[in-house]
Structure formats: structure tokens, C-alpha cells
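Heads up: the structure comes next, in C-alpha cells.
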Amino acid sequence: MKLMGMITGIALCLTSVANAADLGGAKRPAERPPDSYVQYGGVYNWSGLYAGGFAGGAHSMWTIDFFRNNNHGHAEEASDGFAAGAWVGYNWQISPNWVVGVEGDLGWTNANQHNEVFDNDHTDSKIGAFGSIRGRVGYAVDRVLFFATGGVAWADISQNIQKGRNAGEQVVWDNQTPTGYVIGAGVEYAFDNRWVGRMEYLYSNYGKTTLYNRDGNQADFENDMHLLRVGLSYRF
């Protein structure tokens, strides 16, 4: 009986010690805070500020109507060039799948054209710097974002018309920064919580430029640009 009493007493002591440990004697390890880029049950979160750079190809199609001595010349001259630049933007994920945002970009291209409209008259056009401010609407499938975009675009465009083959004859040159519209679409993929890759197509239309030389010759330029680019963004 004495042995049974001792065993019972030891068991009661051990139970008391265990209860005290559960109440505050021992602390559980702290849980890892959730990743700020993951929500909606583990789906990637696209919200936040980002910036990045791009490179690609620019294709411009200049439509020129040239009027001289009651004669009309029409030409469509294409040019291709390299384009590069940078962008910055902000996204808001408004549901598990829908993302809206705003983005601005600034770039440069060497796309240009030279066209002989009549026997001894020619026109020249080139685009230098360009940029846009656009809204974006996207549909996210976890780390993949399909989006459409549109907004206001501008470009630094240089153009001239020249009568005669001599470079000193009645050259009319103009450098403008016209504004227009831009639309496009693309896809992004989040490699991790910071780096996001992108492929995108944009079409920009900068409107019409009209030039006159001293003889009254007129040249109307329709200006636009197709841009296919790839880029990489960093999320802050």
C-alpha cells in the first residue's frame, strides 16, 4: 500500500508540472509571417509599385501625300528600327483574378524613312524619343497576368520635304512632338516575388503633320508606330 501511494504521488506531481508548462512555462516557436505578395489562399498578389526596362523592335508606316503643280503623289514608306527604354507603374489587385493599374514609359528608336515622291523631290521622316501614359486591365492566373492597355502617346518626330536633288534647294524641315493614342496587349510572368518578365505589343498613332515649301508644294505625313518589346520589372 505504501508503494502504491508513492507511485500515485509521483504521477500527480508530473501531471502538475506538465500543466504548468502548457500554461506558460514553455513557448512555442514563432510562426513565419505570411508573404506579402501571396493572398487569396496562396494565389500570387500583383498589387504594388514596379519599375523596369525593355528592348524590342519598332515598325513605322509613314503615309505621304505630296502635292506639286496640281499633281498628286502618294507613297507609303515603311521603316524598321531598334527600340529601348524604361517603364514605371502601379498595380491594384481588386479580386483574386482581376488587376488594374497605371503605367508610364519612355523610350527611343532609330526608325526612319527616305522616299522619292516625284523625279527630283523627296521626303524624310524619323522618330527619336517616344513615350506614353496608359491604363492597364489584366486577368491573373496565379503568376501569369494577361492584360490590355491604352492611353496617351507622344513622340519626337523629325520630317522634311525637299525640292530638287541639290541639298540646298528649298528644304523644309520640321521637328515636332505630336500626341496621339496608344493601345496594346501583353502577358507577364512572375518568376518570384520581385522579378516579373513581360512580352507586349503596342500600336501608337501620332496624327498628321503638314509641311509646305516656298513653291507651295505640300506634304501630308500620317505618323504611327508598331512596337513589339520584351522587358523585366522589379517589384518594390
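For W98, the test of being of a type outside the set (G, A, S) and surrounded by fewer than 19 Cβ atoms within 10 Å (Cβ to Cβ) is passed.
Give the residues of the range 57-75 that are in contact with a strand residue (DSSP E or B) (Cβ under 8 Å, 6 or more places away or on another chain) and either of a type in the set (K, R) or at positive phi (or both), sorted by residue number. Across the range 57-75, the qualifying residue is only R68. From the list A78, A111, A140, A148, the one residue that fits, being touching an Asp or Glu at 6+ places or on another chain (Cβ under 8 Å) and at negative phi, is A111.
Can we say F130 is in contact with a Ser or Thr (Cβ under 8 Å, 6 or more places away or on another chain), part of a strand (DSSP E or B), farther than 16 Å from R198 by Cβ and without any contact (Cβ under 8 Å) to a residue 40 or more places away in the chain?
Spelling it out, it is not the case that F130 is in contact with a Ser or Thr (Cβ under 8 Å, 6 or more places away or on another chain), part of a strand (DSSP E or B), farther than 16 Å from R198 by Cβ and without any contact (Cβ under 8 Å) to a residue 40 or more places away in the chain.
Coordinate-derived values only; no laboratory data. Everything numeric in this text was worked out from a predicted model, so none of it was measured. Positions of Cβ are generated from backbone atoms using ideal geometry, with glycine treated the same way; all protein chains shown enter the neighbour counts.
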